[in-house]
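Below: one structure, written as structure tokens.
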Amino acid sequence: MTHPAATPSRLRVLTGDTPTGRLHLGHYVGSIENRLAFQDVHDCFFIIANTHALTTRAQQSEAVRQDVLQIAIDYLAAGIDPKKSTIFIQSEVPAIAELTWYFAMLLGYGRLMRNPTVKDEIVMKGLGENYSFGFLMYPVGQIADILAFCADAVPVGEDQVPHIEMTREIARRFNVTYCGVDSQADDAAHAEAGVFPVPQAMVGRVAKLMGTDGKNKMSKSLDNAIFLSDSAKEVKKKCSRIFTGRMSATDPGVVEGNPLWQYHDVFNPDRAEIDDMKQRYRAGKVGDGDCKKRLAEVLNTFLEPMRQRRAELEADPDRVMEVLYEGTSRANAVAEQTLWRAKQAMGFDFFPRRVQVQIKRT
Ligand code: ATP
Ligand code: MG
């Protein structure tokens, strides 16, 4: 059996974002940059994972809806081209929900609870003991997001790597359980004889961009993010508040582990300028204020073209809906086919069916 995307040069790529807010600089360097490069050469699917957003926002479904549209605008403003890649809405692809159910049966509860990303998120998002049952389901849902598209490659930030590892285990377990693939088989044998290829995580240029709080990774839920859609003024303000831990401009500054310098390293193209500023910073000869001001200029130069494209898209909401509709239609065609092949392998192929979405204008 070969899966639909299997050609050596053109891989199937799946990745996406949870609409818990807009996209930030961490997303850009952790994943979007890779997507822009991949869309020219691979078969890319980008999922807006709105059902996963309910893990922490079940009471705010209307806000999640708005963020679906905002993330779609972020994608297009960042340069994702809907003629080259498929952008779609998770909740409108029912095959994903069905596969989630089957995969949940193949994943041990203990294994899920040992997943370090799950543990970290519970702490980082302050969920304590109060997370929903659905919160624990989201990594399983993510496995279904990826495998529904028979993805070979998944561009993600470092925090998501444990989820991809679990996805690899489940792809193998499904193929062993229902397709007769040998439990010792390598990835190539799984791609050949199983329903699901064993996908690879592809970590971006920056595995983890720190937040402006200097503590956590930049995250849209932690109030420590600079968003792609922030105004020039907001960027300036956020830069001025980056936590560096330095008390005064004449103190010797620490560069390592300092978000101010990580941002310069990642976004400032002028290497000589960075080296000079870092040297003076370490020697207590330049204040945080000057380095932050320069950073704001660098970031605003980088973000300005995206802001302009965003303004055009905001003025044309029908165009955004059209992109999502086309993408979701295409996504359903692929995911239904995968689900059917999975059900055939399981002997659950009782009745073939078709899923069709229809555009509803607001
Ligand atoms: P939330 O706080 O709701 O979890 P998030 O900011 O972590 O939001 P996600 O939607 O969970 O964003 O992540 C989308 C993608 O971006 C994932 O591949 C994730 O690994 C990557 N990513 C998120 N934050 C960063 C970061 N700070 N640095 C690098 N990659 C990141
Ligand atoms: Mg996250």
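The values are calculated or read from the model by the stated rules, or taken from the named source; none is laboratory data. Computed from a predicted structure; not experimentally measured. For neighbour counting, all protein chains shown are included, and Cβ atoms are generated from backbone atoms with ideal geometry for every residue, glycine included. To get the accessible areas, we keep the full protein, side chains included, count just its heavy atoms, and leave off ligands, DNA and RNA. Shrake-Rupley method; radii C 1.70, N 1.55, O 1.52, S 1.80 Å.
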Here the FRET efficiency for Thr301 versus Asp81, based on Cβ atoms and R0 = 25 Å and rounded to 0.05, is 0.65
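Whenever you get a sec, compute what percent of the accessible area on the chain sits on carbon and sulfur atoms (1.4 Å probe). Numbers along the way, then the final one.
Values: 8910 of 16880 Å².
Answer for the chain: carbon and sulfur cover 53 percent of the accessible area.
Keeping all protein chains in place, calculate the accessible area per residue for the chain (probe 1.4 angstrom), answer in Å².
Values: 16880 Å² over 362 residues.
So the chain comes to 47 Å² accessible per residue, rounded to a whole number.
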Top of Asp230, Asp213, Asp251 by mean-square fluctuation, Gaussian network on the chain, Cα under 10 Å:
Asp251
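Taking the Cα centre as origin and putting +1 on Lys and Arg beta-carbons and -1 on Asp and Glu beta-carbons, what dipole magnitude results for region 232-314, to the nearest 20 debye?
Working: 17 positive and 14 negative charges, 58 e Å.
Magnitude of the dipole: close to 280 debye.
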Charges only on Cβ, +1 for Lys and Arg, -1 for Asp and Glu: so what's the dipole of the chain about the Cα centre, in debye to the nearest 20?
520
Lysines within cross-link reach of Lys233: Cα-Cα under 21 Å, excluding same-chain residues under 8 positions apart?
Lys220, Lys292, Lys293
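Using the membrane-span-like helix rule (whole DSSP H runs, Cα extent along the own axis of at least 15 Å, mean Kyte-Doolittle hydropathy at least 0.0), which helices of the chain qualify? Each step should come with its number before you reach the end.
On the way: long enough: 61-78 (25 Å, 0.45); 94-104 (16 Å, 0.77); 133-147 (22 Å, 1.29); 161-179 (26 Å, -0.27); 271-282 (16 Å, -2.04); 288-314 (36 Å, -0.97); 317-346 (42 Å, -0.51).
The qualifying helices are 61-78, 94-104, 133-147.
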Spin-label pair Arg353/Ala193, simplified geometry with 7 Å Cα→Cβ offset, distance in nm
3.2
Too long for a 26 Å Cα-Cα cut-off, among Lys237/Lys285; Lys83/Lys125; Lys217/Lys360, are Lys83/Lys125; Lys217/Lys360
Note to self: C-alpha centroids of region 140-208 and region 284-362 sit apart, in Å, by 22
Rounded to the nearest 500, what is the chain's calculated 222 nm mean residue ellipticity when only DSSP H runs of at least 4 contribute -39500 (n - 2.57) each, over all residues?
-16500 deg cm²/dmol
Skipping prolines and chain starts, which residues have an amide H placed within reach, meaning under 5 Å, of the one on Val198, given they are 5 or more residues away or on another chain?
Ala191
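Relative to the present Cα-Cα distance, how much length would full extension add between Asp120 and Gln279 at 0.36 nm per residue of separation? Kindly include the intermediate steps, with their values, before the conclusion.
On the way: separation 159, 0.36 × 159 = 57.24 nm, distance 3.49 nm.
Stretched out fully, the Asp120 to Gln279 stretch lengthens by 53.8 nm.
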